[in-house]
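Encoded as structure tokens, the structure appears first; notes follow it.
The values are calculated or read from the model by the stated rules, or taken from the named source; none is laboratory data. Note that the structure is predicted; figures quoted are calculated from it, not measured. Here the Cβ is made from the backbone with ideal geometry for all residues, glycine too, and neighbour counts use every protein chain on show.
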Amino acid sequence: MDDHSRSRVQGFKIRTSVFFGWIFTSLLGFSIRFRKIREEILTEYKDGFVIVCWHGQQLIGFYHFRGRGYTALASEHRDGEYAASILRYFGWRLVRGSSTRGGVGGLIKLINTLRRGIPVVITPDGPQGPIYHVEPGAIYLAQKSGVPIIPVAFVFSKAIYLKTWDKFVVPYPFCRCVVQYGEPLLIQGKLDENRLAVEKERLAQALHQTNEVAQKALTEW
């Protein structure tokens, strides 16, 4: 088999894998019973916002926010290409980049996106972790654009947690899912090194608290 034939076969495998990934996520999401708490808060910010959730919870986030025209930052790593292709199937807009490679250019594009009033979604501990470690990207976006950061949690009544750095969550079909929206965070004023450290910790705590509230709501459901 020559290089051209191998390339065609590899391309077919990738497209097939992406298609079945989209089908799987669609069917899984369709089967889940969702309870959305405080989602109406999004309507208060007509000029845009930055949604953040932990990297391990992003699978159902792909489905939940489908068709809304939101923009996601997709990693330039190989796994980022796979996720980006699935996101396109779900109607997302995409900017390629990350906190470790192509990050500056990606952030500039996202700032311009937010200034046009288009919401952005980021996993602040991605693309490579460590888990629950907040990178500064979302904070810079909110500070430069003037829009709030809105923490979101996805918790499930039954799920598998993969042995990956982010404890990637794959919920069971027909389970219950609470989608919890937390208190918006505004980042105003200049960001020096000390202030940035404070805001990163504030964002991490906001996400942890949102997940705790979601878990309690799930228990009471």
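Quick notes on this one:
Residues are listed down the side, and each one gets a yes or a no for (1) within 20 Å of GLU212 (Cβ to Cβ); (2) more than 13 Å from the chain's Cα centre (by Cα):
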position	(1), (2)
ARG115	no, yes
ILE118	no, yes
ILE122	no, no
ASP125	yes, no
GLN128	no, yes
ILE131	yes, yes
GLY137	no, no
GLY146	no, yes
VAL152	yes, no
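For every residue, the table says whether it meets (1) more than 29 Å from ILE149 (Cα to Cα); (2) exposed (fewer than 12 other Cβ atoms within 10 Å of the Cβ); (3) modelled with pLDDT under 95.
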residue	(1), (2), (3)
ASP3	yes, yes, yes
ARG6	yes, yes, yes
GLN10	yes, yes, yes
SER31	yes, no, no
ILE37	no, no, no
LEU42	no, no, no
LYS46	no, yes, yes
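- Test for LEU94: is it assigned to a helix (DSSP H, G or I) and either within 13 Å of the chain's Cα centre (by Cα) or crowded, with 21+ Cβ neighbours inside 10 Å (or both): no
- Test: GLU193 is touching a Ser or Thr at 6+ places or on another chain (Cβ under 9 Å) and farther than 20 Å from TYR63 by Cβ: no
- Every residue from the stretch 135-144 that is surrounded by fewer than 22 Cβ atoms within 10 Å (Cβ to Cβ) and either assigned to a loop (DSSP other than H, G, I, E, B) or among the small types (Gly, Ala, Ser) (or both): GLU135, PRO136
- Filtered by the rule that a residue be modelled with pLDDT under 90 and either within 12 Å of the chain's Cα centre (by Cα) or in a loop (DSSP other than H, G, I, E, B) (or both), the stretch 66-79 gives LEU73, ALA74, SER75, GLU76, HIS77.
- All conditions but one from (1) assigned to a strand (DSSP E or B); (2) surrounded by 15 or more Cβ atoms within 10 Å (Cβ to Cβ); (3) modelled with pLDDT of 95 or more apply to TYR63; the one that does not is (1).
- Residue in the stretch 206-213 that is small (Gly, Ala, Ser), at pLDDT 95 or above and over 12 Å from PHE154 (Cβ atoms) present: yes
- Boolean, GLY102 is touching a Lys or Arg at 6+ places or on another chain (Cβ under 7 Å) and either at pLDDT below 80 or among the charged types (D, E, K, R) (or both): yes
Conditions (1) surrounded by fewer than 19 Cβ atoms within 10 Å (Cβ to Cβ); (2) in a helix (DSSP H, G or I), marked per residue:
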site	(1), (2)
ALA153	no, no
LYS167	yes, no
CYS177	no, no
ARG195	yes, yes
VAL198	yes, yes
GLN205	yes, yes
